[in-house]
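Structure first, commentary second.
Derivation of every value follows stated rules applied to the coordinates shown; laboratory data play no part. Remember, it's a predicted structure, so these values are computed and weren't measured experimentally. Cβ: placed from backbone, ideal geometry, glycine included. Neighbour counts: every protein chain shown.
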Amino acid sequence: MHRLKKFGTTAAAALFWIVVWYIIALKLDSNIILVTPIEAAKRLFKLVRLGDFWRSVLFSAARVLLGFALGLVIGTLLAVASKKLRLVRALFSPLISAMKSIPVASFTILALIWIGSKNLSVLVSFLICVPIVCGNMLEGLDNLDPKLTEMSHIFRISPWKRFVGVYLSQLLPYFRSAARLGIGLCWKSGIAAEVIGIPNHSIGEKLYQSKVYLETADLFAWTAVVILLSFICEKLFILLLNILQKRVERM
Amino acid sequence: MLKCNNIRKSFGELRVFDGFTHEFAERKLTVILGKSGCGKTTLLNLLMGLQKPDSGEVLRNGQISAIFQENRLCENLSVSANIRLVTGKRLSKAQIAVELAAVGLSNCENKPARELSGGMKRRTALLRALLAEYDILFADEPFKGLDTDTKRDVMLYFKEKTADKTVVLVTHDSDECATLADETLRLG
């Protein structure tokens with residue numbers, strides 16, 4: 001009942017903004033400045049019937065998600081290493097801070113020079129994800145309760161159970177919030193990188209073309225695709241983490 | 001065997017133990033009494049090996065279990081998982097459910113510890129310690145935060161489960177001492 005109510009509220013809010021968009025588009029009466037949501041939806045339905053649409057979706061999704069996955073792994077490993085070794089923390093702390101504040105465009109242009117455009121979104125998503133995951137996981141590691149570690153020694157808990165029950169159970173909420181924040185930013189930055197690098201058959205290329213040819217309906221349709229993909233990925237990943245959390249909770 | 005030999009322990013200027021020696025009776029329940037700050041918890045920590053004496057030694061044989069002053073539960077694990085963490089596969093989920101019911105925690109096995117009240121957390125911590133494999137049990141105010149009726153029932157359960165075990169229990173409560181103690185050690 002609570003979920004249904006929450007869904008109803010979200011749907012009502014979304015509907016409100018779509019109506020606002022529709023009214024503004026009608027008032028402006030210009031397909032170049034702003035199309036109506038109906039025109040954007042019509043364009044989207046046309047696009048999904050094209051083979052090239054799915055090719056672009058697969059191309060971009062595979063790369064953004066690969067960058068995200070690598071970011072999760074390397075960010076976590078870096079956090080563990082920073083916790084264990086003062087030297088690693090001292091070395092990487094300014095780098096991580098810098099990565100947080102460097103504009104995506106700067107990353108992208110540099111990465112374009114280094115690796116070309118095809119896998120640009122992998123590297124950019126990865127570079128965006130690493131500092132978020134590393135920062136959150138390091139905070140989690142710093143907040144591990146030493147009294148629980150003492151407890152695990154007193155009760156002679158096996159290393160595996162100690163890892164899952166004592167450490168992982170404390171770290172999962174930090175990992176979850178990092179992943180939630182990271183996945184949305186990976187999509188945003190990955191697609192932005194593609195718009196700059198214009199790799200063939202990518203969503204970024206389609207967005208770039210809609211800008212060049214002033215196809216505002218295409219721009220809105222592709223933007224809706226990115227929002228939808230980001231939303232689905234986030235929900236699926238959180239669902240997986242919820243299953244893992246339940247398994248850990250009832251280990 | 002559980003014995004303190006000429007223990008000295010200070011925290012800065014404060015000297016808590018100055019040549020303390022005591023041998024705890026085997027398979028008996030020793031209650032440590034004393035005013036706040038007299039070193040009861042410090043003595044338990046020294047006996048458990050969580051703190052080191054400045055000089056002197058603690059001699060201890062056998063596996064230990066503990067009910068800590070703070071519950072030290074894994075908040076993101078269920079009640080049952082918190083207990084299984086220390087019992088392993090020795091006890092089935094059904095057996096754990098029976099023991100939980102005995103301390104008034106029926107139908108709580110799948111609840112995460114973070115959702116329990118203070119008294120429920122205390123009983124979970126107590127049960128975890130009692131169901132672990134041990135020869136010596138250290139209990140720091142194990143019935144703290146329990147209402148009178150629950151405390152009475154849990155104390156009976158505690159007494160039954162710790163029969164034939166060496167137990168060192170810290171409390172302020174003279175009723176607990178009268179009900180449980182085989183021996184009393186007064187500090188301070």
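Cα extents for chain B along the principal axes, largest to smallest and rounded to whole angstrom: 49, 32, 32. Looking at the stretch A:29-113, the pairs of alpha carbons with a distance over 20 Å make up 63% of the total.
Phi-derived couplings, Karplus 6.51 cos²θ - 1.76 cosθ + 1.60 at θ = phi - 60°, listed residue by residue for the stretch B:74-83: 7, 4, 8, 9, 5, 4, 4, 5, 4, 6 Hz, with x used for Gly and Pro. For chain B, a simple Cβ point-charge model (Lys and Arg +1, Asp and Glu -1, everything else neutral) yields a dipole of about 420 debye relative to the Cα centre. Among bridges DSSP assigns within the protein assembly as shown, what percent are antiparallel (round to 5)? Just about 45 percent of them are antiparallel.
Given axes a ≥ b ≥ c from the Cα gyration tensor, I'd like to know whether the protein assembly as shown is rounded (a/c under 1.5), prolate (a/b larger than b/c) or oblate. Intermediate results must be reported in sequence, preceding the final value.
Numbers: a/c = 3.58, a/b = 2.37, b/c = 1.51.
The shape class here is prolate.
Taking the Cα centre of the stretch A:32-249 as origin and assigning +1 to Lys and Arg Cβ atoms and -1 to Asp and Glu Cβ atoms, the resulting dipole is close to 500 debye.
Which whole number gives the average count of other chain Cβ atoms within 10 Å of the Cβ atoms across peptide B:64-75? Display every interim value, and only then the final one.
Numbers: counts 3, 3, 4, 0, 4, 1, 3, 2, 9, 2, 14, 4.
Whole-number average of other-chain Cβ neighbours for B:64-75 is 4.
Longer than 21 Å from Cα to Cα, which of A:161/B:28; A:6/A:235; A:161/B:93 are they? Say none if no pair is. Pairs exceeding 21 Å: A:161/B:28.
With +1 on the Cβ of every Lys and Arg and -1 on the Cβ of every Asp and Glu, and nothing else charged, how large is the dipole of the stretch B:73-132 about its Cα centre, in debye rounded to the nearest 20?
Values: 10 positive and 4 negative charges, 26 e Å.
Once rounded to the nearest 20, the dipole reads 120 debye.
Neighbouring Cβ atoms from other chains, within 10 Å of the Cβ of residues in B:48-55, number 1 on average. If the reach is capped at under 19 angstrom between alpha carbons, list the lysines near residue A:100, excluding any in the same chain fewer than eight residues apart. Excluding near neighbours in sequence, the set is A:188. Straight-distance candidates among the aspartates and glutamates for linking to residue A:246, with alpha-carbon spacing under 20 Å and chain neighbours fewer than 8 residues away dropped: A:234, B:75, B:109, B:115.
The calculated pair-distance distribution of the stretch B:73-132 uses every alpha carbon pair, bins of 10 angstrom beginning at 0, and gives 26, 65, 9 percent.
Across the stretch A:225-240, rounded Karplus estimates of 3J(HN,Hα) from the backbone phi angles (6.51 cos²θ - 1.76 cosθ + 1.60, θ = phi - 60°) give 4, 5, 4, 5, 4, 4, 5, 5, 4, 4, 4, 5, 5, 5, 4, 4 Hz, Gly and Pro being marked x. Counting only other chain Cβ atoms within 10 Å of each residue's Cβ, the peptide A:151-164 averages 5. The H on the amide N of residue B:169, modeled in the peptide plane, is under 5 Å from the matching H of B:30, B:31, B:32, B:139, each at least 5 residues off or on a different chain.
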